[in-house]
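Notes for the one structure printed next.
Coordinate-derived values only; no laboratory data. Computed from a prediction, not measured in an experiment: that's the story for all the values here.
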Amino acid sequence: MIGGPTQPRSCLSRVQGFTINAEATKVYGWNSHGILVVADNDTRLTWLEQELDRQLGEKLYGRGRRGRQHGQTG
């Protein structure tokens, strides 16, 4: 074994995913398509901006998981 063991080969290696730069993807989405992706707890936003973000999300898409209490459905 010159150089140590090799990694096992797989026929799926050619379709294996790769890491993307999420922030760059958000910038591209905004600049190219007008799509804004914002986390409601983004520390770059003030509390008021975070609250506006939360309210817009709830108005457009509903409360989701965060509005439900443990054990509640639908």
| 3J(HN,Hα) from dihedral phi, region 14-22, Karplus parametrisation 6.51/-1.76/1.60, rounded to Hz, x for glycine, proline | 6, 10, 5, x, 10, 7, 10, 8, 4
| Each residue of region 37-42 in turn: what ³J(HN,Hα) in whole Hz from Karplus with 6.51, -1.76, 1.60 and θ = phi - 60°, glycine and Pro shown as x? | 10, 9, 7, 5, 10, 4
